[in-house]
1. Just the residues that are free of Cβ contacts under 8 Å to residues at least 24 places away in the same chain and either within 23 Å of residue 65 (Cβ to Cβ) or in a loop (DSSP other than H, G, I, E, B) (or both), please, taken from segment 80-114.
2. Considering only residues that are in contact with a strand residue (DSSP E or B) (Cβ under 9 Å, 6 or more places away or on another chain) and in a loop (DSSP other than H, G, I, E, B), which ones fall in segment 315-339?
3. If you go through segment 62-96 one residue at a time, how many are surrounded by 20 or more Cβ atoms within 10 Å (Cβ to Cβ) and at pLDDT below 80?
4. Could you check residue 387 against (1) in contact (Cβ under 8 Å) with a residue 12 or more places away in the chain; (2) surrounded by fewer than 16 Cβ atoms within 10 Å (Cβ to Cβ); (3) within 28 Å of the chain's Cα centre (by Cα) and say which number it fails?
5. Pairs only if they're at least six apart or on different chains, beta carbon under 6 angstrom, first in segment 259-274 and not assigned by TED's automatic domain parsing to the domain that holds residue 298, second crowded, with 20+ Cβ neighbours inside 10 Å and at pLDDT below 95; list them, first residue then second.
6. At pLDDT 85 or above and under 23 Å from residue 314 (Cα atoms): does that describe residue 181?
7. Could you go through segment 225-246 and let me know if any residue there is more than 25 Å from residue 312 (Cα to Cα), part of a loop (DSSP other than H, G, I, E, B) and at pLDDT below 85.
8. Being within 30 Å of residue 321 (Cβ to Cβ) and touching a helix residue (DSSP H, G or I) at 6+ places or on another chain (Cβ under 8 Å), is that true of even one residue in segment 358-380?
């Protein structure tokens, strides 16, 4: 554990003997770094009877190195401290060390452990490294590239560590590496597509003049028609949900994943009470299981302009729906009267526009790569590294170190020597960050 200051006060190993404590530690060591002299005195007087070359606990102090920069050795000596400080070692029936020697030895060991712990924290941080969950990885990718493209499908399902978030129970398998690279590939491609697509576009879903909507005006109710009423500047809906309102059949579906702004002007029509306009999104033929976005209430005769921002994946569309619509006063249904003569409650959709996709905070590197003249200005590894550095720092979420930059520079130089273009080299570097 890196946080020695807490562990030195935690007496987590009080109930364990050295035999159990070190039963899982099998070390073949060659002494080259000895413990402090006062600690050697304690070991010689109180520990070697049970922990020498004949030990059955696999701990031999004669062969144990005092190299705290090694994680395994650090944990071993940390456990030694816990056991001796708690009084669990030496066992009560064994010879007990002089209290002054024990006190000085523990102080010396504690000081060494704390110094190494602080050195480790200064270099690597207090928290241990761990693998991001699939959701955390996807969120990090979305933040980094300012996209909403799903990437979890590329990542291995499940977690070797179960529900734990601790790094000790997690491993990075070849499947994870392949998944991360595939997810990065999709994210970069999506970001470049969005950048090359240019500025956000505005599409007006013109229900009033939509050829698709007009098909259903003269069809019978049993054939899916006769449930909407055309007005001069709007189309009235009398039915809760109907496929004919799908925006992909009336002029809009998302060409690229991203955030879209939706603005609509709607009005309560023939309403005697509060009616509700609902908006969903769906994909392909999955209109029977749409994703709910938001609901808007309308009082009788109220005209309302609504606005919301939604996240849409490629080829998703919007699906308006209508709720809390009372039938006409005499109880006759829409089927009985037909839409033209129906006096029940409805909602008139005057306009509906969609603008997007929007991308805030996109990496500058994506903008540079999207330009056709990127290769012309990037002929050497230092040039590419210069534009890569801000992206690397943002991806790693910390200042860059020589240990980050030197291997990257070497990789760039090797790939350029192989004749790869600056664009190809840069994209490959981004995938591996």
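The values are calculated or read from the model by the stated rules, or taken from the named source; none is laboratory data. In this text the structure is predicted, and so the values were computed from the model without any measurement. Every residue, glycine as well, gets a Cβ built from its backbone with ideal geometry; the counts of neighbours run over all protein chains shown.
1. Result: 92, 93, 107, 111.
2. 315, 324, 325, 326, 339
3. Residues meeting the conditions: 3.
4. Just one mismatch for residue 387, condition (2).
5. none
6. Here the answer is yes, as residue 181 does meet what is asked.
7. yes
8. So far as segment 358-380 goes, yes, one or more of its residues are within 30 Å of residue 321 (Cβ to Cβ) and touching a helix residue (DSSP H, G or I) at 6+ places or on another chain (Cβ under 8 Å).
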